[in-house]
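Written out below as structure tokens is the structure these notes cover.
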Amino acid sequence: MPRMTSLGLGTVLATALIITSACSGDGDDPNAAPPAAASSSAASSSAANLVGTWANDDGSLKLELRADGTFSEDLGDRKAAYAGQYTVKGTTLTLNDKTGVTADGTINGDSISLSGSTLKKTG
């Protein structure tokens with residue numbers, strides 16, 4: 001599969017990874033949100049904490065991670081420039097775009113490093 005090297009998809013992956021490593025619950029919380037559908041069982045309880053919108057400092061890159069394991073990434077003026085499924089394994093967030101492009105990012109506590117950008121959760 002081709003690897004995405006653009007700032008957008010990579011940033012999304014990194015954000016999801018950061019959130020996963022920051023949340024290490026035991027998964028027995030009955031009030032916890034369901035994990036992303038495509039997440040591994042080891043990261044499932046933390047993957048739920050990645051759900052939401054992530055953005056870089058200037059807002060030119062926005063990544064929405066949904067509870068059903070799908071994502072949408074806005075890049076500049078291009079709404080939903082990339083969309084597809086994401087998975088989380090450990091501190092690695094993998095974005096699989098519907099066109100076959102794949103990008104990996106790293107979850108670093110409260111941020112995601114993706115293709116040279118740092119994303120923070122905005123909502």
Going fewest to most other Cβ atoms within 10 Å around each Cβ, 117, 60 line up as 60, 117
Environment charge of residue 79, counting only residues whose C-beta is closer than 12 Å and scoring Lys/Arg +1, Asp/Glu -1: -2
Full extension from residue 68 to residue 120: what is 0.36 nm times the residue separation minus their Cα-Cα distance, to one decimal in nm? 16.7 nm
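No lab work stands behind these numbers, since they all come straight from the coordinates. Computed from a predicted model, the values in this text were never measured in an experiment. Virtual Cβ from ideal backbone geometry, glycine too; neighbours counted across all protein chains shown.
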